[in-house]
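Worksheet: one structure, shown below.
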Ligand code: NAI
């Protein structure tokens, strides 16, 4: 698959667009407004210039030339694979998949979601082609992290899963693991309760944010601590994933602690807004 569509050019969508274009593919990114499209392009330019200055790519301009950022969903008509990476909101994603089903015209196109926690089945059944709907879940930062979780729903065909695997592994050079269609898949089912425990520990005054993070970095060889990681993921996304996990399993360990809820209400979303558990920029 050489013609890629990405819906949502935020943290993840711009990363997915970048790795696809770096792999020589033709990419169309659809954003929700002109301002958001401009921001997405800015993110791509900054990241590609960084990759060029580190010698990881020859030319940022050459990669950028393979990416178009637009606001019209119809631009996805001829795409062979479309990856949805809009906000983690079930209603918004369901609406989008209904529209993608009418817009994307290639008969065997794959309609994928990068959702962290929303059941793929819910997105598949609102289309006329649930056999071609699959979860392709990348990790942040997409240009750096190798893992992709492949999440077929009960209705996804073996052919869709095989072509998705070929695209991420042979096309993008990532490594895939297989997961069942349950909220959180493999990695977030383990990671989110860990992050929530760290937030509860900080909230209770048991230890400072710095000491919690230093503890895990120096004592468990994690590359960064759980609170710094929550800031990187985005506290809104962390909360949304926790809520989906809680809704699915009703386990207290998935319940978002009050501090996380208040920080999201306050717009303290982590790196993307300049302040979360730490202050940035
Ligand atoms: P983000 O908030 O950075 O980006 C979302 C983007 O989608 C924004 O640029 C927004 O303008 C755009 N958007 C919203 N509605 C749209 C629509 N209807 N059409 C076109 N564009 C629209 O969010 P982020 O972090 O990139 O997350 C996106 C998805 O990826 C979510 O489903 C999230 O759960 C998932 N994800 C997030 C990870 C993370 O570490 N942040 C990791 C893996 C998956």
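See the values below:
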| quantity | calculated |
| --- | --- |
| Values of log10 I(q)/I(0), in the order q = 0.11, 0.12, 0.20 Å⁻¹, for the stretch 3-178 under a Debye, Cα-only, solvent-free model | -0.40, -0.48, -1.40 |
| Model label zone, residue 175; criterion: amide N under 20 Å from point 7 Å along Cα-to-beta-carbon; scope the stretch 208-239 | 221-224 |
| Most mobile listed residue (187, 148, 168) in the chain, GNM with C-alpha springs under 10 Å | 187 |
| Efficiency of FRET between residue 187 and residue 280 - r from beta-carbon atoms, R0 25 angstrom, step 0.05 | 0.55 |
| Mean shadow area of the stretch 38-87 over all directions, Cα convex hull, nm² | 4.4 nm² |
| Overall Cα dimensions of the stretch 1-41, principal axis frame, Å, largest first | 28, 15, 12 |
| Contour minus Cα-Cα distance for residue 90 and residue 66 (0.36 nm per residue) | 5.6 nm |
| On Cα atoms only, tilt of 34-53 relative to the major axis of the chain in degrees | 80 degrees |
| Estimated D of the stretch 196-268 in µm² per second, where Rh is the Kirkwood radius over Cα pairs and Stokes-Einstein applies at 4 °C, 1.567 mPa s | 102 µm²/s |
| Taking the stretch 3-178 and dividing mean pair separation by its residue count, relative contact order in percent (alpha carbons under 8 Å, at least six apart) | 21 percent |
| Largest-first principal axis extents of the Cα set of the stretch 142-249 (Å) | 51, 31, 21 |
| Gap separating the Cα centres of the stretch 242-261 and the stretch 48-84, nearest whole Å | 35 Å |
| Helix axis angle, 90-103 relative to the chain longest principal axis, alpha carbon, degrees | 10 degrees |
| Translational diffusion of the stretch 49-134, µm² s⁻¹ [Kirkwood Rh, Cα pairs; Stokes-Einstein; 37 °C; 0.692 mPa s] | 227 µm²/s |
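Bear in mind that the values in this text are calculations on the coordinates, not laboratory data. Note that the structure is predicted; figures quoted are calculated from it, not measured. Virtual Cβ from ideal backbone geometry, glycine too; neighbours counted across all protein chains shown.
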